[in-house]
Amino acid sequence: MPREAEPSINDRAFLLQALQENIRLDGRALDAYRHLDISFGDDYGVADVRLGKTRILTRISASITAPRPDRKFDGIFTITTELSPLASPAFESGRQSDLETHLSRILETSLRRSQALSTESLCLVAGQKVWALRADIHVLDYDGGLIDACCLSTLTALRHYRIPDTSVKGGDLTVYTSLERDPVPLALLHHPVCVTLNFFESGEKWLVDATLMEQQCSEGEIVVAANPQGEVCLVQKGGGGEVDALVLLRCVEVAMGKVRELGKAMDGALAKDAKRRDKGGMSRELRAENER
Amino acid sequence: MPFTITLPAPLSPLHHNEPSDSPSLDSDGDTDMPPPSKRPKLSTRSIVTPGETVTDDPQWMRGHGTYTHPTSPQILSSVAGTLLKTNKLLSIRPLRARYTPEIGDLVVGRVVEVQTKRWKVDLSAPLLAHLPLSAINLPGGILRKRTSTDELAIRTFFGEGDLLVAEVQSVYQDGAASLHTRSLKYGKLRNGVFLSVSGTGGGGGGVVRSRRQVWTVQTANGGGEVDVVLGVNGYIWICKHVGGELVEGKGGRHAGAGMGVNNLEEKVGEGMYENRNESIGEETRWEIARLSGCVRALVEGGCRVDEEMVMRAYEASVEDEGVGGEEGEEGGEYLGGERGRRVVREALRAVHAARE
Amino acid sequence: MPLDTSTYHLALLRLDGRRWNELRRLHAQISTQASADGSSYLEMGNTKVICTIAGPAEVRGAARREGAERDNAVVTVEIGIAGFSGVDRRRGGGGGGKGRGDKRTTEMQNTIASAFQSTLFTHLYPHSTITISLHILSQDGSLLAACLNAATLALIDAGVPMSDYIVACTSGLTPPKSGTESADPLLDLNGMEEQELPWLTVGTLGAGERVSVLVLESRVQVGRLEGMLAVGVDGCKQVREILDGVVRRQGKRVLESVIS
């Protein structure tokens, strides 16, 4: 398995020394995110999130299938992550690495288990037909902050996605195309966002949104997923260096602040896109009239 | 000189001498402590567990099994075991641990890998040991130089799975051992059985480093002479003694214990790396089995395994034969369960009697 | 299967009769498997785990290339969940657990490996691996916690140096009392409570407040976290005392039986 090149001893020492003086190598504050840029594709449900150099593209797609026999009233929602060599030479395609397991598990917990997307709403005909929603996450470039960016990207794509409208009459299911009826947004119950913090100096100092190198030099990390309403959906500190319990609580608090910040950025980007599309909608209507 | 050793409250009565004002401890003539030696009396000591503060007095130096925080002078324990003081050095001997090689150890090992110029030998240590081709006695003569032909024929000396007895010649930086078999005492093992018990790493039962690790037993019941090789790594070999008739070409490892490590005057027989066993009589096989049963019983009973204990246990088991055998129980020779415990008890009594 | 936990507030007793801050029966033994370098058997209520340690031993085969240039020992964890361990028999997960690949198990393996990687003194054993094999015989909640505790005991038995015990337990939150916002924290959840209530696993290093593992996977108000964590850390302290007692008893037994 190819591994990420370890930073040299001098590199590491330099970074840690700078951190002791509360300086990050890219000049950010200790609790600042890198520049976040959220853009959307032409289709609904395509979100492209750039966090510094990290770039994640998520695409949502839906199809109709039969539900699982033990869960007749629930739609199916799957998240797949693609860590290809495109993003980093350390990623290998075709084999699930530890990082990938970790990532998909966190996404599952924060988005699926926390019921961010109500799977009941994806049910069309109980026991027969449900929507199978699929989120494909592609990592296009990797420089740390993978979990945060992936979670943000997936959630943004979900919020952006419009699922075709349907109606059921006497057991007959009709799916309308986007020309017949405007597709509808998904029923999202809340909007959980992940924030990762990395620890340094035997748990005394923490950083928000570490770059790849900071991540490699750190002693451990904690992932917090929460929604802007102040509900925590996931806290995960899997081993690594030990941290004082009070510091952990403080970290969760900081993460909550960041969650609100990220939530706002996401809201802003979605609103901007909606406005852009609204214009397009007008022109389409106009065109339709012309045809008539 | 005042110093304290903080202890967990519930166990303090168990702990050995802890007079915080005892002046004897930092002088050579300490009275209550056994003299610092490689083998302390363990039974009088109590247990420390990981994370426990052993002392916060800066006068002590930390040894194996302990650690310190860079900020405080406290010495903490990192293993569960017994405290061991050697002058000013505090170390903790774990209750049980893997064997760590030391120079001069007599070990029994198993070849797991054959490389071009060396063998990799499993000693049940953290790392495999090396046995370079240059560190074995080559057949056909004394002080013969290693040639490229020998390299090609490396598998004719030792192959994968072969057992050997060797001495630790040096220990590398990372703790791996380098072995040698440059003595007639060492070499390939055959004509016997292999036993694996816990080695010298921990403080519990198992093989301990002692004066003699290889000796010949004159067995009862007409079993003839049987060799016992106690590798300090916990691997044991018990085999028929074939040294008596040092016939040309029938060399093997069987010379007396008095031979020097570098005594290369002796002939290295052609049969040294022979892979076939000799014919072993039924009586001998019984006695080999009995000896291995004794060793197993000793280990089960948590006793140390050395020459004295093995011999006492062996004698006890021979005597026990008459007592326990009359019931005609199934597997009457089997030294397990109650019978094993009886033998161990008997052996311990004999050892104590001999001491007094 | 929905479970009625709302009666808690009537008598302040939980379904199994415990109060909020009581652990289940924690029973452990060490040195259970003679052939392993270290081993332990641990019961936390009805969750039962056997742990065996192999190593530190030299890296062999395919794993060698990865670990070859390491100056530290590598800790690897294998978890086998017995097919009969749960209420429903699980297919493909039995015995040695070849049929793993379950993400939850993989995540647990990674968590345990990472926790011990930083607590064990791995620098003493360069180029080697320490393999922790956990066999889950019965599950009834607090699985990760039980695995961590069992692994700690087995590693102590194996004589691998570590800076302190890693001890873990779970803590949860009662359903809010009707009409009020208050919810009490609970210690050491069993399987049924785990399905119903929000809960977290906390693993600390020693008896202090140094948290090594913290896993929360249910939705909970951020303000409640502090209470849950405090109860969990306090539970870890109790667990450490119990485990320490187990080690000391074993040590005493060994010392008594050894006559040198």
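The values are calculated or read from the model by the stated rules, or taken from the named source; none is laboratory data. Every value quoted in this text rests on a predicted model; they were computed, and no experiment measured them. Every residue, glycine as well, gets a Cβ built from its backbone with ideal geometry; the counts of neighbours run over all protein chains shown.
The single condition among (1) at pLDDT 90 or above; (2) more than 22 Å from B:Arg96 (Cβ to Cβ); (3) of a type in the set (Val, Ile, Thr) that C:Val247 does not meet is (2).
Could you please find all residues in the stretch B:84-102 being away from chain C (no Cβ under 11 Å), assigned to a loop (DSSP other than H, G, I, E, B) and on the phi < 0 side of the Ramachandran plot? Break it down into steps so the answer makes sense when it comes.
Filtering the stretch B:84-102 down to residues away from chain C (no Cβ under 11 Å) leaves B:84-91, B:101-102.
If we keep only those that are assigned to a loop (DSSP other than H, G, I, E, B) as well, we get B:87-88, B:101-102.
Correct list: B:Lys88, B:Pro101, B:Glu102.
Those strands (runs of 3 or more DSSP E) of the stretch C:146-260 in which 2 or more residues are free of Cβ contacts under 8 Å to residues at least 40 places away in the same chain, more than 27 Å from C:Val87 (Cβ to Cβ) and more than 9 Å from chain B (Cβ to nearest Cβ) occupy C:210-216. Name every residue in the stretch A:127-168 that is under 13 Å from A:Leu57 (Cβ atoms) and of a type in the set (Ser, Thr, Tyr), in order of residue number. A:Tyr142, A:Ser153, A:Thr154, A:Thr156, listed by residue number. Mind listing whichever residues of the stretch B:42-89 are free of Cβ contacts under 8 Å to residues at least 12 places away in the same chain and crowded, with 21+ Cβ neighbours inside 10 Å? Once the filter is applied, which keeps residues that are free of Cβ contacts under 8 Å to residues at least 12 places away in the same chain and crowded, with 21+ Cβ neighbours inside 10 Å, the stretch B:42-89 yields nothing. A:Glu242 satisfies every condition listed in (1) more than 9 Å from chain C (Cβ to nearest Cβ); (2) crowded, with 22+ Cβ neighbours inside 10 Å; (3) at pLDDT below 90 except (1). Within the stretch A:19-43, being over 24 Å from A:Val252 (Cβ atoms) and buried (at least 19 other Cβ atoms within 10 Å of the Cβ) holds for A:Ile38, A:Phe40. Evaluating A:Ala62 against the criteria (1) of a type outside the set (S, T, N, Q); (2) within 19 Å of the chain's Cα centre (by Cα); (3) outside any strand (DSSP E or B) leaves one unmet condition, (3).
Please pick out the residue among A:Ala265, A:Ala226, A:Ala269, A:Ala210 that is surrounded by 16 or more Cβ atoms within 10 Å (Cβ to Cβ) and either modelled with pLDDT under 85 or within 14 Å of chain C (Cβ to nearest Cβ) (or both).
Working: A:Ala265 fails: either modelled with pLDDT under 85 or within 14 Å of chain C (Cβ to nearest Cβ) (or both); A:Ala269 fails: either modelled with pLDDT under 85 or within 14 Å of chain C (Cβ to nearest Cβ) (or both); A:Ala210 fails: either modelled with pLDDT under 85 or within 14 Å of chain C (Cβ to nearest Cβ) (or both).
One residue alone meets the criteria, A:Ala226.
Which count do you get for residues in the stretch A:80-89 that are crowded, with 19+ Cβ neighbours inside 10 Å and among the aliphatic types (A, V, I, L, M)? Counting residues in the stretch A:80-89 that are crowded, with 19+ Cβ neighbours inside 10 Å and among the aliphatic types (A, V, I, L, M) gives 2. Of the strands (runs of 3 or more DSSP E) lying entirely inside the stretch B:163-236, those containing at least 1 residues that are touching a residue at least 60 places away in the same chain (Cβ under 8 Å) and either within 14 Å of another protein chain (Cβ to nearest Cβ) or surrounded by fewer than 22 Cβ atoms within 10 Å (Cβ to Cβ) (or both) span B:163-171, B:177-180, B:192-196, B:214-218. Being assigned to a loop (DSSP other than H, G, I, E, B) and at negative phi holds for only one residue in A:Glu261, A:Glu180, A:Glu253, A:Glu221, and it is A:Glu180.
Taking each residue of the stretch C:101-115 that is under 14 Å from A:Glu242 (Cα atoms) and at the interface with chain A (Cβ under 9 Å from one of its Cβ atoms) and looking for partners that are in a helix (DSSP H, G or I) and not β-branched (Val, Ile, Thr) with beta-carbon atoms closer than 8 Å, six or more apart or interchain, yields C:Thr111/C:Leu144; C:Ile112/C:Leu144; C:Ile112/C:Cys147; C:Ile112/C:Leu148; C:Ile112/C:Ala151; C:Ala115/C:Leu148.
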